[in-house]
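Single-structure report; data block below.
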There are 2 protein chains.
Amino acid sequence: MTTATELLSIPAEVQDLLFREARTANTFTEEPVSEEQLRAIYDLVKWGPTSMNQQPLRVVLVRSEEARQRLLPHLMEGNRAKTERAPLTALLAADTEFHERLPEVFPHNPGAKNLFADNEEFRHTNAKLNASLQVAYFIIGVRAAGLAAGPMTGFDGAGIAEEFFPGGAHHPLVAINIGKPGENAWFGRLPRLSYEDVVTTV
Amino acid sequence: MTTATELLSIPAEVQDLLFREARTANTFTEEPVSEEQLRAIYDLVKWGPTSMNQQPLRVVLVRSEEARQRLLPHLMEGNRAKTERAPLTALLAADTEFHERLPEVFPHNPGAKNLFADNEEFRHTNAKLNASLQVAYFIIGVRAAGLAAGPMTGFDGAGIAEEFFPGGAHHPLVAINIGKPGENAWFGRLPRLSYEDVVTTV
C-alpha cells in the first residue's frame, strides 16, 4: 500500500520538520537567532510566488531590549510574557505602496504600476493577500532553519504600524516569535478539519 | 565559509524543490493528478498554523470537463488557455463562516465562536488572512508532491463564488493549476527584492 507520506517527493523527516511535527512555540531557550540565519531564511522564501511578483511583505525584526519594550504594550495580554522572553520577534506587514517597485520586479510589463496606482482598494487587497502568502512562506522558512515559530495575530495593528512602520503605508499582519523551543513549548495538538470537510470535487 | 544553504536544516534539493527551482507553471503534460495525491497534499499542509486554529480554507477541485467550461469565462483572458489544458484546477476560498467549526477545532475555548459571531468585519479579516496563509501552505504542498503549481489571482471572484461556492459565505482568493510541467512551462525568473529592501532590524 502506498502511504500518503510516500506519495510526496520530500523525505518524511522534512514533512515532519515543516508540517507534521512543527508546532507553534510559546516558550524559547535563550539561544540567540543570528542575522545570518534570518538572511538564510529570507534568501530561501523570497522565491515563493506572489501575484505579478508583487512581493509586498516588509519585516521589522525586534531585537533590542528597547524595541521589545516598545512592542509589548501593543500585544494582547496573553502574548506579552512569551514575546518578552523570545530571542527575536519579527513583525510582518503588507506594504500598500508595493506597486512603486513593480517597474523593477515586473519589468516586462511597464504598465503594471499604473494598474495599482489609481485604485487604492485593489492595491490594498493585493498587498494583504500576497503579503499573507509571504508570511506563510516565512513561517515555513523559519522551520526549515530548524527554528520554532510562534505566530501571533492578537495585537493592535494600528499601534504597531505607528510605532514600527512609520509613514502610513504598511498594514501589520502577523508577529512571529522565533527561537529554539524551550520547556513545555506548546499545548496539545489541536484537531484539523478533514479532507471531506474542506475539499469538494466538481 | 557557511553558505546560506548550509544554515538551513532541510537538504539543498528540498530547498530547490520547494522554493529555489520551483516555478509558476503555465503549461502542463497530460499526466493526470490523482485524488490520492490531493489527499496526501492536504494531509500534510492541514498542519500549518492559523490564528486560533481557524482553518478557514475551502477548496473546490475543478476536474470534470463540464466544470472546467463553467470556470473559464470567470478567468482573465490571459489565464484561460493554460487553465483549459491543466489536468486539475483548484479554487481556494476563505470560508467567512469558519467560526461555526471553532467549538470542534478550538475546543478548550468555548467562547471563541462568539468572538466572531457578532463581528462580521473581524470575521472576514480573519478568514482572508488565515485562508491566505493556508493557500501558501497548499502551494508548498503541491510542490512537495513533485507537482508544479500555477497560482492565479486574475479572475472574477464574485462570479467564481456564485458558480462554485454557493451560499454566499465564501471569498475566492487564488486559483491554482496543478500538474507536471509541460514544454516551455515558465518564463524567465523575475527579480526578487533584497534582504535590505525588505527587512529592518530595531
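If you filter region B:20-31 down to residues that are without any contact (Cβ under 8 Å) to a residue 60 or more places away in the chain and under 24 Å from residue A:50 (Cβ atoms), you find that the one that is nearest to the other protein chains (Cβ to nearest Cβ) is B:20.
Where in region B:111-202 are there strands (runs of 3 or more DSSP E), lying fully within it, with 3 or more residues that are in contact with a helix residue (DSSP H, G or I) (Cβ under 8 Å, 6 or more places away or on another chain)?
Working: elements: B:148-152, B:170-179, B:199-201.
Because the criterion is at least 3 residues that are in contact with a helix residue (DSSP H, G or I) (Cβ under 8 Å, 6 or more places away or on another chain), the strands (runs of 3 or more DSSP E) in region B:111-202 that meet it are B:148-152, B:170-179.
Checked against the criterion of being buried (at least 21 other Cβ atoms within 10 Å of the Cβ), among the aromatic types (Phe, Trp, Tyr) and in contact (Cβ under 8 Å) with a residue 60 or more places away in the chain, region A:119-139 has at least one qualifying residue. Residues in region B:161-184 include none that are closer than 21 Å to residue A:43 by Cα and touching a Phe, Trp or Tyr at 6+ places or on another chain (Cβ under 9 Å).
This table checks each residue for (1) more than 30 Å from residue A:61 (Cβ to Cβ); (2) of a type outside the set (Gly, Ala, Ser); (3) out of contact with any Asp or Glu (no Cβ under 9 Å at 6 or more places or on another chain).
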{"site": "B:134", "(1), (2), (3)": "no, yes, yes"}
{"site": "B:143", "(1), (2), (3)": "no, yes, yes"}
{"site": "B:153", "(1), (2), (3)": "no, yes, yes"}
{"site": "B:166", "(1), (2), (3)": "yes, yes, yes"}
{"site": "B:174", "(1), (2), (3)": "no, yes, yes"}
{"site": "B:180", "(1), (2), (3)": "yes, yes, no"}
{"site": "B:186", "(1), (2), (3)": "yes, yes, yes"}
{"site": "B:196", "(1), (2), (3)": "no, yes, yes"}
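If you check A:44, A:71, A:61 for being modelled with pLDDT of 95 or more and in a strand (DSSP E or B), only one passes: A:61. Would you check if residue A:34 is free of Cβ contacts under 8 Å to residues at least 12 places away in the same chain, farther than 30 Å from residue B:175 by Cα, at the interface with chain B (Cβ under 9 Å from one of its Cβ atoms) and of a type outside the set (A, V, I, L, M, F, W, C)? Yes. Residue count for region A:1-19, restricted to those that are over 19 Å from residue B:8 (Cα atoms), more than 7 Å from every other protein chain (Cβ to nearest Cβ) and either small (Gly, Ala, Ser) or not in a loop (DSSP other than H, G, I, E, B) (or both): 2. Of all residues in region B:74-98, exactly one satisfies the criterion of being crowded, with 21+ Cβ neighbours inside 10 Å and of a type in the set (D, E, K, R), namely B:95. When residue B:68 is tested against (1) touching a Phe, Trp or Tyr at 6+ places or on another chain (Cβ under 9 Å); (2) within 19 Å of residue B:153 (Cβ to Cβ); (3) of a type outside the set (A, V, I, L, M, F, W, C), only condition (1) is not met. Of all residues in region B:175-189, those that are closer than 15 Å to residue B:143 by Cα have Cβ atoms under 8 Å from Cβ atoms of residues that are of a type in the set (Asp, Glu), 6 or more apart or on another chain, in B:179/B:31; B:180/B:31.
Any residue in region B:54-77 that's polar (S, T, N, Q): show its pairings with residues that are outside any helix (DSSP H, G or I) and at pLDDT 95 or above at Cβ separation under 6 Å, as long as the two are six or more apart or on different chains. Partner pairs satisfying both residue conditions: B:55/A:193.
Have a look at A:94, A:112, A:86, A:148 and point out the one that is in contact with a Gly (Cβ under 6 Å, 6 or more places away or on another chain) and more than 9 Å from chain B (Cβ to nearest Cβ).
A:86
The values are calculated or read from the model by the stated rules, or taken from the named source; none is laboratory data. Bear in mind that the values here come from a model prediction, so they are computed numbers and not experimental data. No Cβ is skipped: glycine too gets one built from the backbone with ideal geometry, and neighbour counts run over all protein chains shown.
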